[in-house]
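First the structure, in the form of structure tokens, and then the observations on it.
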Amino acid sequence: MYTTIFSEIFLPATLAIITLGLGLSISVQDIRNILYNPGNTIVGLLCQLLLLPIIAFSIALITGMDAEYAIGLVIIAACPGGATSNLVNYMIRGNVALSLSITIVNGLITIFTIPLITKLAMHIFLAEDAIIHLPFFNTVLQIFLIVVIPATIGILIRIWNKEFADKMENPLRYILPLLLLIVYSGVVFLERGKTGADVGKFFSLLPFTLALNFLSMLTGFYVPGLFHLSRKNKFTIAVEVGLQNSTLAIFVAATLLNNYKMALVAVVYGSFSFFSTWLFGYLAKKFLY
């Protein structure tokens with residue numbers, strides 16, 4: 001039982017705390033900008049829901065990956081980034097309100113798209129069909145408990161006491177990533193060992209997961225430019241598209257499909273993607289146009 005306490009209790013609680021902290025940085029004007037300019041969110045969703053799976057399928061087909069690992073790569077592409085991508089955008093001073101709006105909408109949509117994309121991957125790579133049902137009520141409830149409600153509380157605190165919210169901004173840039181690192185380490189070292197990863201297999205899958213991470217970030221940065229989005233929104237979307245929810249991908253592969261080879265791809269991806277995405281977002285903010 002102790003081996004699941006991190007993912008079932010500490011991780012959701014930590015993500016909720018992080019989202020509350022992110023809410024402190026969002027003003028009422030930020031929310032108005034999202035509501036009055038929904039095109040930014042739509043472009044982000046287009047990149048994440050359509051282009052990202054295409055990238056994953058392309059990598060798997062071009063490189064001739066083992067079928068089960070190929071499906072694992074596609075599953076990662078189908079899983080939205082969640083609070084971790086929001087945190088990276090907060091750290092690099094991206095458009096946090098846009099990041100959260102993409103996360104919320106995408107989280108609701110992927111209840112339907114994850115089963116469809118996974119079923120397609122199973123059919124293409126294994127010539128098999130898969131019946132996957134994500135728990136609709138629990139997924140929606142999780143989105144509200146981890147993202148919507150904490151972010152709303154943070155926004156309300158900022159409205160009530162803007163001076164306090166501004167004072168907390170710099171300390172939280174260090175506290176929130178450290179908090180996530182501590183809990184995420186518990187998930188990795190205490191729970192993911194059951195996927196049976198060995199060093200050799202880890203490094204053999206690393207190039208494919210790195211390619212997915214890097215190509216998706218480039219796509220997330222340059223495609224919004226075709227729609228004349230601002231530079232800030234471009235690197236914000238790049239982070240959203242580049243950082244996927246490896247914990248959710250592991251759940252789909254290991255629990256719903258009972259396939260630990262597929263889950264292993266997400267384990268490898270999750271071991272570096274937070275740091276690589278932060279680095280890309282920071283460099284994109286400084287040097288890419």
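Only residues that are modelled with pLDDT under 85 and in contact with a Leu (Cβ under 8 Å, 6 or more places away or on another chain): list them for region 215-251, please.
Selection gives THR247 alone.
Considering only region 198-276, give the helices (runs of 4 or more DSSP H) lying wholly within it that have at least 2 residues that are within 19 Å of TYR90 (Cα to Cα).
The helices (runs of 4 or more DSSP H) meeting that bar are 199-226, 231-242.
Pull up region 275-289, narrow it to residues that are over 16 Å from THR209 (Cβ atoms), of a type in the set (A, V, I, L, M) and at pLDDT 90 or above, then point me to the one that is surrounded by the fewest Cβ atoms within 10 Å (Cβ to Cβ).
LEU283
How many residues does region 27-56 contain that are farther than 15 Å from PHE214 by Cα, part of a helix (DSSP H, G or I) and not polar (S, T, N, Q)?
15
In region 61-152, which helices (runs of 4 or more DSSP H) lie fully inside it and hold 2 or more residues that are at pLDDT below 90?
83-91, 96-126, 136-143
Hey, can you tell me all the residues within region 18-53 that are in contact (Cβ under 8 Å) with a residue 24 or more places away in the chain, of a type in the set (Ser, Thr, Tyr) and over 23 Å from LEU243 (Cα atoms)?
SER27
The values are calculated or read from the model by the stated rules, or taken from the named source; none is laboratory data. This structure is a prediction, so every number in the text was calculated from the model and none was measured. As a convention, Cβ positions derive from the backbone with ideal geometry for all residues, glycine included, and neighbour counts pool all protein chains shown.
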